[in-house]
Every structure is written in C-alpha cells, then in structure tokens.
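These notes concern the structure reproduced below.
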Amino acid sequence: MAANNRRMSGKKGAQVGSGGQRRRGLEGKGPTPPAEMRKGHKKNRIATAKTKQAARRPAPRGRGGKSASELVVGRNPVVEALREGVPASTLYVQQFIDNDERVREALQLAAERGGINLMEAPRPELDRMTNGLNHQGLVLQVPPYEYAHPEDLAAAAFDAGEDPLIVALDGVTDPRNLGAVVRSVSAFGGHGVVVPERRAAGMTAGAWKTSAGTAARTPVARATNLTRALEAYKKAGIAVVGLAADGEAEIGELEALQGPVVIVVGSEGKGLSRLVGETCDFRVRIPMPGGAESLNAGVAAGVVLYEAARRRG
C-alpha cells in the first residue's frame with residue numbers, strides 16, 4: 001500500500017492554490033517591446049554600450065551656427081515634448097521601469113514619429129547623464145538647433161520678391177517668449193527672428209513647444225553682435241524699428257511698417273539696451289488705454305506684426 005502511495009505521489013497534477021497562476025498564465029503580456037529593449041538581444045547590448053559611451057562623453061558646446069544638444073528629463077516633460085513635435089534624436093528608457101501610461105505613450109509617440117532611437121539604460125547611467133535630476137526613467141535628447149545667419153533672412157525675402165519682415169529680440173531670456181514670437185512671425189507672414197548669441201533665449205525644447213510647431217518652418221538666426229546685425233540690415237535698405245514705452249510715435253503712425261522692416265523688441269523689464277536703441281531708425285510705442293506699463297515680448301511682437309501685415313495686406 002505504501003509503495004502504491006509513492007507511485008501516485010510522483011504523478012503531476014494540480015497543486016493547491018495553483019488556479020490563479022494558471023489563469024494569469026493565459027493573460028496577454030502586451031505588445032512585444034522593440035529589440036533595443038529586450039534583455040539579451042544583440043541590439044539591446046549595442047544600445048546599452050552606446051548609452052554608456054554617451055554618458056561618459058561631455059556635452060558638445062554650441063559654436064558657429066549650432067546650439068548645444070539638450071536633455072528633456074521626466075515622464076510628463078518627455079511626453080509633452082513628443083506630443084508637441086519637439087525634435088528628438090534619442091529616447092532613453094530605464095531598465096526594468098514601471099510601465100505606466102506615460103511610459104507607454106512616450107514609446108508609442110517615439111515609434112510613430114520615426115527617426116528617434118530607443119535605448120535602454122540602467123538607472124546609474126541616466127543619473128550620470130542628467131546630473132542626478134529626477135528623470136523618472138525617461139530622458140529625451142534634443143539635437144542641436146541649426147541657426148540661420150541674420151543676412152539669410154533678408155536674402156530669402158528679397159529672393160521671393162517680398163519686403164523683409166523680421167523680428168529681433170534684445171535681452172529676451174525666456175525661451176517661451178522666443179517661441180511665442182516665432183509663432184507670431186509665422187502667423188503674420190514674417191521671414192524670421194534674430195536673437196543675440198549671448199545672454200538671450202535660444203531654441204530650446206521650451207521654445208519649440210511654445211511655437212506650436214511653427215519653428216519647423218520659421219528660421220531663427222543668431223547674431224554674434226546684435227547692433228552690428230541691425231546696422232547691416234540698415235545698409236541693405238531695411239528700416240529698423242524699436243519698440244519703446246517712451247517712443248516718439250505710435251505704431252499706427254509709422255509708414256515704415258509697409259516696407260522692408262526689422263522690429264526690435266526688448267525685455268519686459270529693461271526694454272531696449274542703449275546701443276540697440278541708438279541704432280534704431282525709429283522708436284515707437286504701442287498705445288495701451290488700459291494703463292499697463294508694458295507687454296511681454298511675445299504679445300508686443302504680435303501686436304506690431306499684425307499692424308505690419310494689415311498695412312501690407
């Protein structure tokens with residue numbers, strides 16, 4: 001009898017409490033992740049090696065017509081950047097990350113966009129890349145922005161048989177203001193935006209987002225010296241109009257807006273710098289019956305661009 005019991009005990013069968021395991025075994029595990037994210041896959045090993053090299057490599061410095069590359073860090077910022085069409089070269093995803101809705105959406109958006117490398121990386125590597133910021137397992141690399149030359153903006157307008165309509169920013173340091181100006185220039189048929197190389201906002205991910213995609217078709221030029229760039233525009237027959245609260249005339253009185261013109265907008269607090277103000281052919285003000293002391297750069301540029309577009313219409 002004992003021998004018979006031993007023979008029966010060797011048979012395979014249902015174990016106590018195994019029902020739930022069987023049911024879970026029948027459940028789907030979701031879509032197969034890309035090869036770069038499958039542990040043990042050749043592409044995964046290559047991607048991991050590239051990530052380690054990128055983490056050790058110092059960030060390139062912007063020189064000439066390019067800015068430095070930028071990292072967007074964190075699940076919400078990464079998803080928002082991908083939604084808004086911010087240019088991206090690589091999406092880094094932490095190994096063994098909790099796969100929540102934001103992670104899935106980021107992977108889906110990156111796959112739909114195309115041209116974005118997916119790389120899986122261990123947490124220590126992402127910590128080093130982001131200098132210890134709270135990346136939450138997602139890091140998006142934004143490639144360097146290719147700036148135009150200030151002369152290119154006017155040349156493109158003249159080649160198209162149009163009078164240049166350009167906005168130059170003096171002392172504007174908020175990328176969101178730059179993005180708003182780019183959006184207004186695009187909306188009112190302008191030919192581009194000029195920013196100084198130093199102490200000024202550049203085309204970061206924040207500026208791209210605020211531009212609502214218009215930065216892809218509206219060039220931004222970077223001037224080593226804004227005063228010299230404005231003087232070059234004047235020599236080319238383009239009027240330089242500076243916005244100032246104490247301007248000698250109102251924008252509605254300025255006939256120069258009908259022809260080739262560069263509109264110079266200063267910072268909300270300080271306005272135009274002394275040298276830039278002295279370089280302007282005209283200094284005009286925006287009438288504000290409501291009594292506001294000043295407008296931010298994005299709003300001010302939009303008002304003047306509308307007036308210029310109305311006159312040219």
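The values are calculated or read from the model by the stated rules, or taken from the named source; none is laboratory data. None of the values given here were measured: they were computed from a predicted structure. Note: ideal-geometry Cβ built from the backbone for every residue, glycine included; neighbour counts use all protein chains shown. Just the protein is used for accessible areas: all its heavy atoms, side chains included, with ligands, DNA and RNA removed. Shrake-Rupley method; radii C 1.70, N 1.55, O 1.52, S 1.80 Å.
Here are the numbers for the structure shown:
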item: By average C-beta atoms within 10 angstrom, highest first, the peptides 183-193, 164-174, 247-257, 134-144; result: 164-174, 183-193, 134-144, 247-257
item: Separation between Cα centres of the range 244-259 and the range 104-173, rounded to whole Å; result: 35
item: Largest-first ordering by accessible area, 1.4 Å probe, given options Leu178, Leu118, Leu71; result: Leu71, Leu118, Leu178
item: Loop sites in the range 259-295: GluC sites (Glu not before Pro), DSSP, at most 12 other Cβ within 10 Å; result: Glu293
item: Cut-off 15 Å between beta-carbons: net charge of the residues surrounding Val172, Lys and Arg +1, Asp and Glu -1; result: +2
item: Unit charges at the beta carbon, dipole of the range 123-180: most positive-side option, His135, Pro164, Ala180; result: His135
item: Radius, Kirkwood style, for the range 180-290 when every pair of distinct Cα atoms is counted (Å); result: 14.9
item: Projected area, mean over directions - the range 92-217, Cα convex hull, nm²; result: 9.7
item: Net charge of Cβ neighbours under 11 Å - reference Arg285; Lys, Arg +1; Asp, Glu -1; result: -3
item: Cβ-defined net charge surrounding Gly137, 14 Å radius [Lys, Arg +1; Asp, Glu -1]; result: -3
item: Part-to-part distance (alpha-carbon centres) for the range 267-313 and the range 81-96, which is given in Å; result: 37
